[in-house]
Amino acid sequence: MDTPRVTLQEIQTQTQAWAEAIRIMIDHQAQICDLDWDEYKQVVFIGCGSTYYLSLSAAALFQSTTGKISRAFPSSELLLNPSCVYPGRNGPILLVGISRSGVTSETVQAVQNFKADQRGTVLTISNYESSPLARMGVLNFTIPSGKEQSVAQTKSFASMYVACTALSAIAGKDNAIRDSLTNLIPIGEHLLSSYGEIAHKIGQNHDLKHFFFLGSGIQYGLACEASLKMKEMSLTVSEPFHFLEFRHGPISMVDKNTMVVGLLSEEQRQSEQAVLFDVKKLGGHTLALGERNADITFDSGLPKLASGVLYLPVLQLLAYHRAVSFDLNPDLPRNLTAVVELEFPDSPQL
Ligand code: F1P
């Protein structure tokens, strides 16, 4: 029997935080639409760790729904290598700072510098309403029910991801996506109740020594996050790749002790599934997630840009069960604190 941990409870109750995220974003619809969208030359999403991976998916989503150039960076890159982020002074940028805690110093400092340099407009997304970051934007979206006791992000990440999905739908004036979001809640609950056993079984399989998570497009950031969960909670060697990149080197690693998890899309399913077939031919194990015809099926009928969060719950459970099966405490990953706070002298020494 697994020892119940707070992480498990947070994973299992996450759909309440998804619902709150949807409500909060819809409540702010008018203010979001009032932003001067034509003015921004590009949109930049930033965060650290999980929230950087969230930024990767959010930027892909935002660009797909709005057509605006959207990029993602780790917050520290805005401090250490601003010239790689900002392409000269060619117009205002919309910066979206994402952080569960709203305290992470790299993110807070990057937003501070952005404002001091008058580079454009700031929006923030976090789970703590009285945090420093949650006061720094022209609009600050906080989702309090995404707060967590665990160090590793699960429901917080999912809540902020849903907020980014709603932001993209509203900014892109895509009412089909916006109106479909509440349907995510029962589907998420169904995934948690139907596929916990598979996650448990794979999590307990100690013959699996290393994990890969494959995702392309919007799914790439989610694959990175799933891989990070595996590392943080279960101290397993785990890497994310874009699907077709896997054949360009990483496939050399495949053997009978390898698990390759595929976050399949509907549009590119054939090319993506072909990579999983190659893995199987080499004796590796695979687990496919997708809308239909997969080991974990969503059967959501939702627009593809709305359904990204559905990849998360079962993969979070997988990391949780693997941690517990190794007698590790998933609530308190080794060497990790919930927030990284650094001192910044004149020039950052990170
Ligand atoms: C970012 C973060 C987490 C990570 C760890 C350290 O925090 O890197 O992703 O799991 O807890 O901090 P935040 O800025 O999103 O609060």
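Of note:
- Checking Lys147 against (1) of a type in the set (D, E, K, R); (2) farther than 25 Å from Ile170 by Cα; (3) within 12 Å of the ligand (Cβ to nearest atom), the condition it does not meet: (2)
- Within region 243-263, residues that are of a type in the set (S, T, N, Q) sit with their Cβ atoms under 6 Å from residues that are not in a loop (DSSP other than H, G, I, E, B), at 6+ positions apart or across chains, in these pairs: Thr258/His210.
- So Arg89, is it away from the ligand (no atom under 14 Å from the Cβ) and assigned to a strand (DSSP E or B): no
- Scanning region 151-174 for residues that are within 9 Å of the ligand (Cβ to nearest atom) and over 10 Å from the mean Cα position of the chain (by Cα) yields Val151, Ala152.
- Flag for Glu245 being closer than 28 Å to Ile98 by Cα and either open to solvent by 80 Å² or more (accessible area, probe 1.4 Å) or of a type in the set (Lys, Arg) (or both): yes
- Listed by first and then second residue, the pairs linking a residue in region 138-159 that is farther than 19 Å from Ser234 by Cβ to a residue that is within 11 Å of the ligand (Cβ to nearest atom) and among the aliphatic types (A, V, I, L, M), with Cβ atoms under 7 Å apart and 6 or more places separating them unless they lie on different chains, are Phe141/Ile125; Ile143/Met160; Gly146/Met160.
- Total residues in region 88-133, condition open to solvent by 40 Å² or more (accessible area, probe 1.4 Å) and aliphatic (A, V, I, L, M): 2
- The test for being over 22 Å from Ala319 (Cβ atoms), within 20 Å of the chain's Cα centre (by Cα) and within 12 Å of the ligand (Cβ to nearest atom) holds for Gly97.
- Taken together, the residues in region 38-84 that are more than 16 Å from the ligand (Cβ to nearest atom), open to solvent by 20 Å² or more (accessible area, probe 1.4 Å) and not in a helix (DSSP H, G or I) amount to 6.
- Some residue of region 154-164 being open to solvent by 10 Å² or more (accessible area, probe 1.4 Å) and within 14 Å of Gln14 (Cα to Cα): yes
- Failed item, numbered, when Glu272 is tested on (1) among the charged types (D, E, K, R); (2) under 18 Å from Cys224 (Cβ atoms); (3) free of Cβ contacts under 8 Å to residues at least 40 places away in the same chain: (3)
- Hey, Lys201 outside the structural domain of Asp295 (by TED's automatic domain parsing) and open to solvent by 50 Å² or more (accessible area, probe 1.4 Å) or not: no
- Looking at Val108, Val138, just one residue is in contact with a strand residue (DSSP E or B) (Cβ under 6 Å, 6 or more places away or on another chain) and either on the phi > 0 side of the Ramachandran plot or aliphatic (A, V, I, L, M) (or both), and that residue is Val138.
The values are calculated or read from the model by the stated rules, or taken from the named source; none is laboratory data. Small disclaimer: the values here were computed from a predicted structure and weren't measured. Glycine gets a Cβ as well: all are built from the backbone with ideal geometry, and neighbour counts include every protein chain shown. For the accessible areas, the whole protein counts, side chains as well, though only heavy atoms, and no ligand, DNA or RNA atoms are used. Shrake-Rupley method; radii C 1.70, N 1.55, O 1.52, S 1.80 Å.
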